[in-house]
Every structure is written in C-alpha cells, then in structure tokens.
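Below is one structure; the comments refer to it alone.
The values are calculated or read from the model by the stated rules, or taken from the named source; none is laboratory data. None of the values given here were measured: they were computed from a predicted structure. Neighbour counts run over all protein chains shown; Cβ positions are idealised from the backbone, glycine included.
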Amino acid sequence: MAHAPAAESSNAALLKQIQALQKQVADLAARLNATEAAQRQTTASVNTAQSAASSAVAQAVQAQSAASAAQTAATAASKSVPATVKTELASFTKNEWWDSTTISGRMYFDFSNVETRVNGVKPTGAGSVNGTGFNIKRFYLGVDHTFSPVFAGNLTMDVSNVVGQTGNGNFTSTGTPEGTNLPALVGKGFYVKKAYLQAKLNPALIIRVGAADLPWVPFAESAYGYRHIENTLIDRTNFGISADWGVHVLGDFGQGLLSYQISVVDGGGYRNVKVTRSVDVEGRISVNYHGFYAGIGGYSGDRGNNVQGTPTPHTATRENAVIGYKNKLMNAGVEYYHSKNWNNVTTVETDTTDGYSAFGNVNFAPTWSVFGRYDWIKPTQTSNDNLKDQYYNFGIQWEPVKLVDLALVYKHEAVDNGIFGTQNGVIGGPNPTGTPTGGHGSYREIGLFGQFRF
C-alpha cells in the first residue's frame, strides 16, 4: 500500500512531462509552419520581384529600342526635309502657268553702207537709199504655252518695216513711167506673224490651226542657215511667203528621216487676213539622212485674190526643190523654183518665172565661219523676157557667245533690162524708149550684220 502514492506521483510527473513535450512539439510545429509560410511568402515576393525586374528590363529594352527607332526616324526625317521641300515646291509650281510657258525672241540687225544706182546714176530725193545707217530688219517675240502633252499654243509678234504713206508724204519719185509715186518705208510695224493652237497626236501627226509657218520658206531657211544675212530665194524675190492663216498638218517619221507638211491657207499672207471664195494649198516632203538633205514642194491657189467681184482667170502655181549636204564643218546646197502666173491671177496675160540659189559655208574654227551665196532669177518670161536679177553675198561670221552672231558682209544685186522689186528695194532702170533692153540698176551693201536670240 505504501508504494501506490509514489507510483501515482511518478505518473503525474511523467504526464506533465509528456504534456510539456507535446506543447513544445506543438510550438515547434507552429514555428515551423510559420517559418514555412514566411519562406513561401518570401519566395513569392522574390518571384514577384524577379518577374517585375524582368518586366522592367524588357520595358527598358523596348523603350531603348523605341528611342533608337525614334532617333533613326528623326535623323532620316531631318535628312529628307530638303528633298521633301523640293518635291512640294515642284508639285506647287509645276501646275502654274509660267512653268509651262516659254518666251523667246530673235532680232536681225545691221550697221551698213548702201549704194544704189539707176542706169549708172545715184538716185536722189525721197526715193534714195544711199548712205550709212543702223537698221533692225526683223524682231520676233514669241510666247509658247503647253496646256497638256497634246495641246499647245504659240503667239509670235513680228516687228518689221512698214511700206506706205504718212501725213508727211513718204513717197518715192521713181517708178514706171518715170516719176510715178510709189509707197516708201514709213516706219516699223508690230504684226501678228504666228498665232495658232497645236495638237500633237504623235510625232507623225501635228495639227496647227491659225497663223503658222508655211511648208517651204522656213524649211529653206533651216537649210541655208544665214537668214539674218538675207531672205531665202523665193522670200527675197517675193515669190513666196513664210507664214499664213489656215490649217497646217505636219510631222516626221523615223526620227526626222522623212518629214512633211501640208497647209490649207487664205493665200494673202500673215499680214493680210482675207475671206475668199477658195483656199490655197502649199505642201512639202523632205528627207534628212546622215547630213544629206533634200526636199520638194509646191503651191497652188489664187493668193487671196478670189474675192467677190474680182475675176481670177488664172491660178498661181509654184514648184520648189532643194538638195544639199551639211555637217559640223561645212554646208553646201542648191535651191530651185519655177512658178506660173504668180503675179497674174487677175490678169488676162499669163507668165512664168524661175530661178536658183547656190549657197555654202565653211566652219574653219569653233566660233568662226566663212559663207557665200549666189542667186539667179528670171522674173518674167512673157512681159519682159530680157529682165534678169543676179544677187550674191559673201562674208565672215563670228559667234562671240552662244545665241549671238556677228558677220562682216558684202552684198550685191544687179537687175538688167528693166525694173524688179526685191526685199532690198526696187532695183534696175527703165529701158530706153522703144527698146526691150538697156536698163540697168544695182544695189551694193557692206557692213556689220548680226542676230541675237533668246
């Protein structure tokens, strides 16, 4: 019996120890759980921080890439500003009228001495042209405007001599018969030489409506090359004109190998617009091959005389031809014409005329050339078969700058067995009474001739 309380006391102490251990275990488990939770939270925070850091790094890389791209774009934009401005300016100006408009000009001038003789005597009085002076024989001012790749227009003004009468007289005292008053040079006029609308459908088909170049004279001028010295053959002798009002069809094939032009015109010339009962026709066809050039042409019509109340028993006709060779060193060519009833459309009588011109030049230096020309004309074969006109010129030319030509020139024209009017005036002398021959006149000119163009 004495050992029972001791045993109970020992059990109670053991129970307390067990309970204490259980509490310790529980506390330890709680601390472990707390530690584990803290670790999980720490790990989650670390993961979150790492993810945030990675995202921040990615954003920083993206921001840096965007900044680099922005810098590159800014640099490219700064470099493209002049080109952009230029493009915008071009886009702005190309639609303005002045961007499609060209203004050009050409002037023929001379400072020369002229001497004329009629039957060996220098004429005096109002009709005399003997002496020295400065003269502007032609000044062309042109405006070209392009409306579209097809349509264009041209207006060319012509400043040239006016022959007529003023309040102070201005008549010559020579003529046929002797002493007949003829209109003389009275000043300079401002004319419309060309005014047309053009439709260029292709190089082989160009249509011009209005006053424009005729087929032959401008073509002959391009072959001759010295228009500022003298008019070409039929233009100098008044058997052809350079422009007229009408419809003009032209073009070329094979890049200029073959060219043509047909003009249906009034017939009175660009200074004389007329309404007539018929129209005139002038045409040309030409070739240009490795420097060799040739052309043939013709004219047929009433020359503006077929108006109401005026009989026109004859039709004026003319045939033309030119052939030559041209390169950088030289040019040589011959022009010929034959006409019938050119000045006899309204007369009962008929008449024929013909003539030729031989011309050439040698370019012996880049800016220097020598040139010459000879014309022979038979103005009439019916009314005065003995009448003849002979003309020649020669000289040396210098081109000091591009578009300017200066030439020292000698010109001579002689008319035998009568009187004949050319671009140099009325030349010749009346035949002795009762004879078809014997009259003679001459025109001589020496001086500085030139042209400038822009």
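In the stretch 395-423, the qualifying residues are those that are in contact (Cβ under 8 Å) with a residue 40 or more places away in the chain and surrounded by fewer than 18 Cβ atoms within 10 Å (Cβ to Cβ), and the one that is farthest from residue 108 (Cα to Cα) is 421.
Scanning the stretch 181-201 for residues being modelled with pLDDT of 95 or more and surrounded by fewer than 16 Cβ atoms within 10 Å (Cβ to Cβ) gives a total of 3.
In the stretch 429-443 there is no residue that is touching a residue at least 40 places away in the same chain (Cβ under 8 Å) and within 26 Å of residue 105 (Cβ to Cβ).
Of the candidates 320, 288, the single residue that is within 27 Å of the chain's Cα centre (by Cα) and closer than 26 Å to residue 387 by Cα is 320. On the basis of being under 21 Å from residue 228 (Cα atoms) and at pLDDT below 95, does residue 451 make the cut? No. Which ones in the stretch 228-271 are surrounded by fewer than 16 Cβ atoms within 10 Å (Cβ to Cβ), within 21 Å of the chain's Cα centre (by Cα) and part of a loop (DSSP other than H, G, I, E, B)? Answer for the stretch 228-271, where residues must be surrounded by fewer than 16 Cβ atoms within 10 Å (Cβ to Cβ), within 21 Å of the chain's Cα centre (by Cα) and part of a loop (DSSP other than H, G, I, E, B): 254, 255, 256, 257.
Conditions tested, residue by residue: (1) outside any strand (DSSP E or B); (2) of a type in the set (Val, Ile, Thr).
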{"site": "396", "(1), (2)": "no, yes"}
{"site": "400", "(1), (2)": "yes, no"}
{"site": "408", "(1), (2)": "no, no"}
{"site": "413", "(1), (2)": "no, no"}
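Considering (1) crowded, with 22+ Cβ neighbours inside 10 Å; (2) modelled with pLDDT under 95; (3) of a type outside the set (A, V, I, L, M, F, W, C), the lone condition that residue 278 does not fulfil carries the number (1). State yes or no: is residue 318 under 26 Å from residue 227 (Cβ atoms) and touching an Asp or Glu at 6+ places or on another chain (Cβ under 8 Å)? When the stated conditions are applied, residue 318 does not pass them. Residues in the stretch 425-454 that are surrounded by fewer than 20 Cβ atoms within 10 Å (Cβ to Cβ) and of a type in the set (S, T, N, Q): 433, 435, 437, 442. Inside the stretch 351-380, residues that are among the acidic types (Asp, Glu) and in contact with a Leu (Cβ under 9 Å, 6 or more places away or on another chain) make up a count of 1.
Results for (1) modelled with pLDDT of 95 or more; (2) in contact with a Pro (Cβ under 9 Å, 6 or more places away or on another chain); (3) within 22 Å of residue 354 (Cβ to Cβ); (4) of a type in the set (Val, Ile, Thr), shown as yes or no for each residue.
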| site | (1), (2), (3), (4) |
| --- | --- |
| 287 | yes, no, no, yes |
| 296 | yes, no, yes, yes |
| 299 | yes, yes, yes, no |
| 318 | yes, no, yes, no |
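From the list 325, 356, the lone residue that is more than 16 Å from residue 243 (Cα to Cα), surrounded by fewer than 20 Cβ atoms within 10 Å (Cβ to Cβ) and touching a helix residue (DSSP H, G or I) at 6+ places or on another chain (Cβ under 8 Å) is 356. Can residue 290 be described as closer than 22 Å to residue 260 by Cα, of a type outside the set (Gly, Ala, Ser) and out of contact with any strand residue (DSSP E or B) (no Cβ under 6 Å at 6 or more places or on another chain)? Yes. Taking the numbered list (1) more than 32 Å from the chain's Cα centre (by Cα); (2) free of Cβ contacts under 8 Å to residues at least 60 places away in the same chain; (3) more than 16 Å from residue 282 (Cα to Cα) in turn, residue 332 passes all entries but (1). Based on what the data block shows, is residue 380 under 30 Å from residue 435 (Cβ atoms), surrounded by 14 or more Cβ atoms within 10 Å (Cβ to Cβ), modelled with pLDDT under 95 and in contact with a strand residue (DSSP E or B) (Cβ under 8 Å, 6 or more places away or on another chain)? Yes.
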